[in-house]
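Note sheet for the following structure.
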Amino acid sequence: METDKILGLFKTVTSDAVIEIAVVITVSVAIIWLSQRVFPWIADRLHGKQRLFVLAMIPTLRVIVFVLAIIWIVPMVIETTVQNMVAILGAAGLAIGFAMKDYVSSLIAGIVAVYELPYRPGDWIEVDGTYGEVKHIGMRAVEMVTPDDTVVFVPHLKLWTELIHNANNGGPSLMCVTSFYLTADHDAHRVKQVLEDVALTSPYVQLKQPITVIISEEPWGTHYRLKAYPIDPRQQFQFMTDLTARGKACLRALPVRFANLSPEHAVHVNP
Amino acid sequence: MAEFKRPDAPASTKVQQLAQHFRNLFPKRDDAPSDEQEHDFPGYREFDLKPGADALDSAWDEWRKAGEPGIKFLISPPFSGTAAIAREWAERHNWRKITAPQESELADVDIDKWWKPQASSPWIIDDLSNYWRRGTDGLAFIRALLPKLFRGELGQGLVVCDSWSFAFLQRAWPVNMPNVYCFAAADEKLMQEVGIQADEKKLKSLAARAFGNLGLALALWAVEKDDEHDLPSMPSDCHDETAFVLYTLLLHTGLSGRTLQKVLPMIAADQLDVQLLQLQQAKLISYDDEVWRITVYGYLAVRDFLRSRGFFVDAF
């Protein structure tokens, strides 16, 4: 009797319907596969906002195709009455709750990520102490590449529990902070001006964004933090390298000395 | 300068510009370079400077005759001929042309030492981009010079500044500069006056493509009339370094290889040579009198390339 009830939820699937379902699934997979190759290819040739916009279209398009495919297929297989849907969703929910809780949670978080946008392809994010560029947002996990070219897969599940640090938040502006450490006895205004000019004359700098120098006095000397934005977030490490190299060269020409950590402030690391 | 307005582009021109933008984004693989002669572009004719100088006369005659200390800025988009017009105007009234400081004088930041041997009033600085370098030791001179100019300490003068240089200087010395002027955008009538014979729609399209820049319009017209050549486009393998070289050359209206290396120390010397040769082969830059410059024919492609990469472009 129970078997009859369950079978009653489903329609009689004809061979034509099977072919149609197969075609819908094939086309959907083809569109998603193609978008995951064509859009990154286009994005590689773009810069700034245009690049990020094209990259952000990949997960959005996938969700749209996925939802359309479901809407197309489900009425072909199931008698779509409220009663039937409640019964099927209830049964599915029970199975998922026991067997694949984390997996489904990641899938749902993946859908949430598409409209809530905690990260998008092209963003520079930090999750659980790992920093890198979001290369791909999959159904279950986000794929990021660290500056050392290591691919890290982070399940969307982290979205519920972890802090997601996004350095550029979907835009081309990513602040870089470069530190300089000097002994305390020097003309701070002169050093500040020199460091501002170091950033201003870097070819990597985004001139539309502000350049600031923050000074803080520490027991061992003075800590300068030069804050500026590169033209493209992908240039952040070359930008900081350029600022450090030219900043050091300019500071060496001034009557200042670089700070060395005194023994009492040194951190002892046990092997 | 705030009143400057670019000519409106007809819809067909906007589509052409969009197509050109996509061609720049997705360049074709480079073909093997053919004979040098075959790639030579038609020489583009310079235009008569007298009407421009007359326009300056009518605008500034009162100020000039008053002879009071103070300056006026004239912003010159690349290849617009503005600097040449200003020089013609200055010669007409016997204004002395000031010599730009040498590299050592830029580093010394001794304005008086540079100024005294040529001190006279009135005067003209015909290219302010030679008065600074984009380096940590290349900004102090102009930062010391500009306040003196604005206070009138060096007498009456006219300062011609390239539009790219001006955009950067406004960022480096963020003061709302007074008395800044530029020529109005060239329209169809002006183009006919300098000898471009075409129907009105064509002239309007040309004016829009050239951003109202008369010199650029003449160059575009010369290429359009020449069946053998198209405008140069960006090479397929452009990197950050390519953009840095092009942007630096625009900022300084051309630089020698040695100075370019000094301004861009992060590019290794051999890599810089590769970039320069590649851009020269693509006809985007030229090498004359030991100075690398953007070519007039390559300017549109270079500007579009830099803008699409998010660089700080000029206001024209």
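Given the condition of a type in the set (Asp, Glu) and over 30 Å from A:ASP44 (Cβ atoms), answer yes or no: does some residue in the range A:119-128 qualify?
First pass over the range A:119-128, keeping only residues of a type in the set (Asp, Glu): A:123, A:126, A:128.
Remaining after also requiring over 30 Å from A:ASP44 (Cβ atoms): none.
For the range A:119-128, residues of a type in the set (Asp, Glu) and over 30 Å from A:ASP44 (Cβ atoms): absent.
Going residue by residue through the range A:111-124, is there one that turns out to be on the phi > 0 side of the Ramachandran plot, at pLDDT below 85 and within 14 Å of the chain's Cα centre (by Cα)?
Looking only at the range A:111-124, we keep the residues that are on the phi > 0 side of the Ramachandran plot, and these are A:117, A:122.
If we keep only those that are at pLDDT below 85 too, we end up with A:117.
Next cut, within 14 Å of the chain's Cα centre (by Cα) only: A:117.
The answer is yes, given that some residue of the range A:111-124 is on the phi > 0 side of the Ramachandran plot, at pLDDT below 85 and within 14 Å of the chain's Cα centre (by Cα).
Taking the range B:16-68, which residues are over 29 Å from B:LYS204 (Cβ atoms), in contact with an Asp or Glu (Cβ under 9 Å, 6 or more places away or on another chain) and at pLDDT 75 or above?
Selection gives B:ARG64 alone.
Return a yes/no flag: does the range B:147-159 have any residue that is in a helix (DSSP H, G or I), within 14 Å of another protein chain (Cβ to nearest Cβ) and at pLDDT 90 or above. Walk me through how you get there before you give the answer.
Step one: filter the range B:147-159 for residues in a helix (DSSP H, G or I), giving B:147-151.
Still in the list and also within 14 Å of another protein chain (Cβ to nearest Cβ): none.
So far as the range B:147-159 goes, no, none of its residues is in a helix (DSSP H, G or I), within 14 Å of another protein chain (Cβ to nearest Cβ) and at pLDDT 90 or above.
When you look at A:ALA228, is it over 34 Å from the mean Cα position of the chain (by Cα) and not assigned by TED's automatic domain parsing to the domain that holds A:ALA141, yes or no?
Details: over 34 Å from the mean Cα position of the chain (by Cα): no; not assigned by TED's automatic domain parsing to the domain that holds A:ALA141: yes.
No, not satisfied.
Only one of A:GLN36, A:GLN83 is of a type outside the set (A, V, I, L, M, F, W, C), in the same structural domain as A:THR14 (by TED's automatic domain parsing) and within 30 Å of A:THR12 (Cβ to Cβ). Can you tell me which?
Working: A:GLN36 fails: within 30 Å of A:THR12 (Cβ to Cβ).
So the residue among A:GLN36, A:GLN83 that is of a type outside the set (A, V, I, L, M, F, W, C), in the same structural domain as A:THR14 (by TED's automatic domain parsing) and within 30 Å of A:THR12 (Cβ to Cβ) is A:GLN83.
Let me confirm something: among B:ARG143, B:ARG171, B:ARG134, which residue is outside any helix (DSSP H, G or I) and within 14 Å of another protein chain (Cβ to nearest Cβ)?
Details: B:ARG143 fails: outside any helix (DSSP H, G or I); B:ARG171 fails: outside any helix (DSSP H, G or I).
So the residue among B:ARG143, B:ARG171, B:ARG134 that is outside any helix (DSSP H, G or I) and within 14 Å of another protein chain (Cβ to nearest Cβ) is B:ARG134.
Only one of these is surrounded by 20 or more Cβ atoms within 10 Å (Cβ to Cβ) and more than 19 Å from the chain's Cα centre (by Cα): B:LEU74, B:LEU158, B:LEU145, B:LEU128. Name it.
On the way: B:LEU74 fails: more than 19 Å from the chain's Cα centre (by Cα); B:LEU158 fails: more than 19 Å from the chain's Cα centre (by Cα); B:LEU128 fails: more than 19 Å from the chain's Cα centre (by Cα).
Selected residue: B:LEU145, the only one of B:LEU74, B:LEU158, B:LEU145, B:LEU128 that is surrounded by 20 or more Cβ atoms within 10 Å (Cβ to Cβ) and more than 19 Å from the chain's Cα centre (by Cα).
Quick one: which of B:ALA140, B:ALA185, B:ALA198, B:ALA167 is in contact (Cβ under 8 Å) with a residue 24 or more places away in the chain and surrounded by fewer than 17 Cβ atoms within 10 Å (Cβ to Cβ)?
Details: B:ALA185 fails: surrounded by fewer than 17 Cβ atoms within 10 Å (Cβ to Cβ); B:ALA198 fails: in contact (Cβ under 8 Å) with a residue 24 or more places away in the chain; B:ALA167 fails: surrounded by fewer than 17 Cβ atoms within 10 Å (Cβ to Cβ).
Just one listed residue meets the conditions, B:ALA140.
Scan A:VAL191, A:VAL205 and give me the residue that is of a type outside the set (D, E, K, R), within 14 Å of chain B (Cβ to nearest Cβ), surrounded by 18 or more Cβ atoms within 10 Å (Cβ to Cβ) and more than 14 Å from A:GLN236 (Cα to Cα).
Working: A:VAL205 fails: more than 14 Å from A:GLN236 (Cα to Cα).
After applying the criteria, what remains is A:VAL191.
Please state which one of B:ALA315, B:ALA207, B:ALA243 is in a helix (DSSP H, G or I), among the aliphatic types (A, V, I, L, M) and more than 12 Å from chain A (Cβ to nearest Cβ).
Numbers: B:ALA315 fails: in a helix (DSSP H, G or I); B:ALA243 fails: more than 12 Å from chain A (Cβ to nearest Cβ).
The conditions single out B:ALA207.
Could you tell me which of the residues A:LEU226, A:LEU159, A:LEU243 is more than 10 Å from chain B (Cβ to nearest Cβ), in a helix (DSSP H, G or I) and modelled with pLDDT of 95 or more?
Values: A:LEU226 fails: in a helix (DSSP H, G or I); A:LEU159 fails: modelled with pLDDT of 95 or more.
The conditions single out A:LEU243.
For (1) closer than 30 Å to A:VAL205 by Cβ; (2) touching a residue at least 12 places away in the same chain (Cβ under 8 Å); (3) of a type in the set (D, E, K, R); (4) touching a Lys or Arg at 6+ places or on another chain (Cβ under 7 Å), each residue gets a yes or a no:
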site	(1), (2), (3), (4)
A:LEU34	no, no, no, no
A:ARG45	yes, no, yes, no
A:ARG51	yes, yes, yes, no
A:MET57	yes, yes, no, no
A:ILE71	no, no, no, no
A:ASN84	no, yes, no, no
A:LEU94	no, no, no, no
A:ALA99	no, no, no, no
A:VAL112	no, yes, no, no
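Identify all residues within the range B:82-130 that are polar (S, T, N, Q) and part of a loop (DSSP other than H, G, I, E, B); write none if there are none. Outline the logic, then answer.
Within the range B:82-130, the subset polar (S, T, N, Q) is B:82, B:94, B:99, B:102, B:104, B:118, B:120-121, B:129-130.
The answer is B:ASN94, B:THR99, B:GLN102, B:SER120, B:SER121.
The values are calculated or read from the model by the stated rules, or taken from the named source; none is laboratory data. Note that the coordinates shown come from a computational prediction; the quantities given were computed from them, not determined experimentally. In this analysis, Cβ positions are derived from the backbone assuming ideal geometry, glycine residues included, and neighbour counts consider all displayed protein chains.
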